[in-house]
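Asks: Attaching a single structure in structure tokens format; questions to follow.
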Amino acid sequence: PVYPLFTQPLVQGANIAPKASLGNIDYYEIDIKPVDVQIYPNLKPTRLVGYNGQVPGPTFRMRQGREAIVRFINHGDLANSVHLHGSYSRAPFDGWADDTTEPGQFKDYYYPNRQNARTLWYHDHAIDHTAKNAYYGQAGFYILSDAQEDSLFLPDEEYDLPLALAAKRYNSDGSLWDPEANGETVSVFGDVIHVNGVPWPFKEVEPRKYRLRFLNTGISRSYQLYFEASGSVGKQIPFTVFASDTGTLLNPVQTNDLYISDAERWEVIFDFSGYAGQNVTLRNSRKVAADDDYAATDQVLQFRVGNKVSRTDHNLDNTSDKSPALPSTLRQVDFPPAHAPTEYNFRFERQNGKWEVNGVTWSDVNQRVLAKPERGAVQKWTLTNTGGGWSHPIHIHLVDLQITARRGGRGALMPYEKVALKDVMWLNVNEEIDVVARYAPWDGLYMFHCHNLIHEDHEMLAAFNVTALPD
Ligand code: C2O
Ligand code: CU
């Protein structure tokens with residue numbers, strides 16, 4: 001059904017507070033439960049299932065050095081397993097797909113919060129049901145800060161906007177189009193673009209700099225985002241990319257547009273100061289296959305720029321010592337040594353109607369451990385999309401990775417990829433990439449997979465085993 005664009009305000013998920021604290025450890029509880037949300041103003045409410053009944057889930061605001069235990073209680077109808085995406089959690093707390101919590105059960109997860117500041121997200125990872133669970137609402141922000149990031153005086157509080165993009169489809173009665181009930185095995189691109197759970201919202205902003213944290217929580221749709229002002233339609237406004245999946249980049253990078261695939265995070269500084277009194281629209285120039293694109297998937301979010309700035313601090317404009325400009329080096333990023341030879345080649349492909357990694361699927365229980373790095377080893381893996389017209393955003397758990405080469409497809413690394421560490425690497429149609437990481441700090445079995453959640457549920461999901469060095 002048609003939805004009127006830019007008629008509902010953008011909302012931010014409420015921050016969650018701990019239920020108890022002991023020393024350095026905070027304890028939280030989340031109920032996974034159904035909720036009816038009025039999405040279409042004139043249709044019946046949509047039944048979703050969210051963390052604490054919120055879609056997206058409540059936002060965790062975490063500080064490096066404080067540990068967390070989160071109890072997830074399953075009041076839904078489907079099994080769940082929670083993954084904190086971007087955290088080097090110990091294997092038992094990493095959301096292993098087969099480690100499911102059944103309806104009526106709960107599980108306590110431990111999160112160390114010892115990594116550098118970054119935008120993480122938590123989402124479902126249950127075997128066969130990840131797409132449905134995440135799409136119906138089991139996804140939320142988990143934002144880790146640290147003192148080093150504080151020293152950059154980035155725009156904060158109301159000028160720091162976490163933005164979760166999700167493309168979905170609805171039936172004519174306002175219910176969600178269910179990928180499981182419809183037997184979908186390829187992709188759900190979705191024709192309704194949500195930001196923080198609201199279709200095509202608008203946001204009133206001040207004419208100053210903002211921190212925008214983009215996260216793509218959708219099932220299959222990737223975007224090429226750009227900004228356009230109402231006073232200069234057709235012109236892309238430059239902005240600054242300064243952080244990725246794993247926190248700040250080595251250097252800030254100016255760009256006119258930004259690629260973002262499923263589960264990726266990219267953070268930008270956007271300066272609205274030249275656009276007082278105008279609308280600035282966040283738009284998408286990326287299309288998907290012709291039969292899957294729709295009327296308004298080139299629109300995302302409308303910013304309505306006011307005329308007054310109420311706070312100038314953290315505005316990165318040198319007007320006060322709390323607003324220094326972004327330094328040219330944002331952080332000493334811990335890039336792994338790049339010259340490792342390729343240790344593994346992984347092909348991501350569809351064969352005989354199945355989504356496979358080197359011919360293996362998750363059900364091949366005795367073959368699905370495809371790599372065995374020794375703990376602390378630096379390895380280069382080559383990831384290949386063998387074609388067929390679909391892209392595969394590949395997520396490797398546990399580690400922060402550097403993409404050192406991109407061949408075919410787009411042909412080269414994006415300028416902001418060159419200075420980033422990532423945990424999801426967008427493997428576009430016919431592309432091949434090299435990714436280097438240090439397989440640490442823990443031993444254990446971890447997953448790697450395609451983050452097009454339909455591909456993942458249809459078993460483009462494998463494992464690697466980080467093994468201790470023999471003594
Ligand atoms: Cu964001 Cu293995 O998942
Ligand atoms: Cu895929």
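All of the numbers you see were taken from the coordinates with simple rules; none came from a lab. In this text, all values refer to a predicted model and were calculated from it rather than measured experimentally. Glycine gets a Cβ as well: all are built from the backbone with ideal geometry, and neighbour counts include every protein chain shown.
Asks: Apply the Kirkwood formula to the chain: the hydrodynamic radius equals the inverse of the mean of 1/r over all pairs of different alpha-carbon atoms; give it in Å with one decimal.
Replies: So the Kirkwood estimate lands at 22.5 Å.
Asks: Using the Cα gyration tensor of segment 234-328, with a ≥ b ≥ c the square roots of its eigenvalues, what is the shape: rounded (a/c below 1.5), prolate (a/b larger than b/c) or oblate (neither)?
Replies: It is oblate, given that a/c is not under 1.5 and a/b is not larger than b/c.
Asks: Among 435, 37, what is the fewest-to-most ranking by other Cβ atoms within 10 Å?
Replies: Lowest to highest Cβ neighbour count: 37, 435.
Asks: Give me the percent of DSSP beta bridges within the chain that run antiparallel, rounded to the nearest 5.
Replies: Beta bridges within the chain, antiparallel portion: roughly 75 percent.
Asks: Okay, moving on. Which one of 116, 91, 101 is farthest out on the positive end of the charge dipole of segment 80-125, using unit charges on Cβ (Lys, Arg +1; Asp, Glu -1) and the Cα centre as origin?
Replies: 116
Asks: Excluding same-chain residues fewer than 8 positions from residue 372, which lysines have a Cα within less than 25 Å of its Cα?
Replies: Residue 372 reaches 354, 380, 422.
Asks: Something else about it: What is the set of long-range amide H partners of residue 244 at a cut-off below 5 Å, with H atoms built 1.01 Å from backbone N?
Replies: HN-HN under 5 Å from residue 244: 249, 267.
Asks: What's the extension gain from residue 236 to residue 364 if we count 0.36 nm per residue and subtract their Cα-Cα distance?
Replies: Additional length available on full extension: 41.4 nm.
Asks: Could you work out the mean projected area of the convex hull around the alpha carbons of segment 133-222, in square nanometres to one decimal?
Replies: 7.7
Asks: Which of 229, 195, 212 sits farthest toward the positive end of the charge dipole of segment 189-229, with +1 on the Cβ of Lys and Arg and -1 on the Cβ of Asp and Glu?
Replies: The listed residue farthest towards the positive side: 212.
Asks: So what J values fall out for segment 206-216 if you push phi through Karplus, 6.51 cos²θ - 1.76 cosθ + 1.60 with θ = phi - 60°, rounded to Hz, Gly and Pro as x?
Replies: These are the phi-based 3J(HN,Hα) values: 9, x, 7, 7, 10, 9, 10, 9, 7, 9, 9 Hz.
Asks: Hey, what did segment 88-193 get for relative contact order, percent, Cα under 8 Å, at least 6 apart?
Replies: 21
Asks: Further question: Using DSSP, restrict attention to beta bridges with both residues in segment 132-257 and report what percent are antiparallel, rounded to the nearest 5.
Replies: Close to 65 percent.
Asks: So if I place +1 on the C-beta of Lys and Arg and -1 on the C-beta of Asp and Glu, and nothing else carries charge, what would the dipole magnitude of the chain be about its Cα centre? I want it in debye, nearest 20.
Replies: Dipole size: approximately 840 debye.
Asks: Suppose every K and R has +1 on its Cβ and every D and E has -1 on its Cβ; what is the size of the dipole of segment 41-194 about the Cα centre, in Debye to the nearest 20?
Replies: The dipole of segment 41-194 has a size of about 160 debye.
Asks: Mind checking Rg over Rh on segment 42-140, alpha carbons, Kirkwood formula for Rh?
Replies: Rounded to two decimals, Rg/Rh equals 0.98.
Asks: Over the chain, calculate the relative contact order: mean separation of alpha carbon pairs under 8 Å at least 6 apart, over the residue count, as a percent.
Replies: 14
Asks: While we're here: Relative to the Cα centre, what is the charge dipole magnitude of segment 115-177, using +1 at the beta carbon of each Lys and Arg, -1 at the beta carbon of each Asp and Glu, and rounding to the nearest 20 debye?
Replies: The dipole magnitude comes to about 520 debye.
Asks: Give, as a single signed number, the net charge of other residues whose beta carbon lies under 14 Å from the beta carbon of residue 361, with Lys and Arg counted +1 and Asp and Glu -1.
Replies: Computed value for this residue: -4.
Asks: Relative contact order for segment 260-353 using alpha-carbon pairs under 8 Å, separation at least 6, rounded to a whole percent?
Replies: 18
Asks: Rounded, prolate or oblate for segment 264-399? Axes are the square roots of the Cα gyration tensor eigenvalues, ordered a ≥ b ≥ c, and the cut-off for rounded is a/c under 1.5.
Replies: oblate
Asks: Which percent of Cα-Cα pairs in segment 394-471 sits in each 10 Å bin, short to long?
Replies: Final binned percentages: 18, 44, 31, 7, 1.
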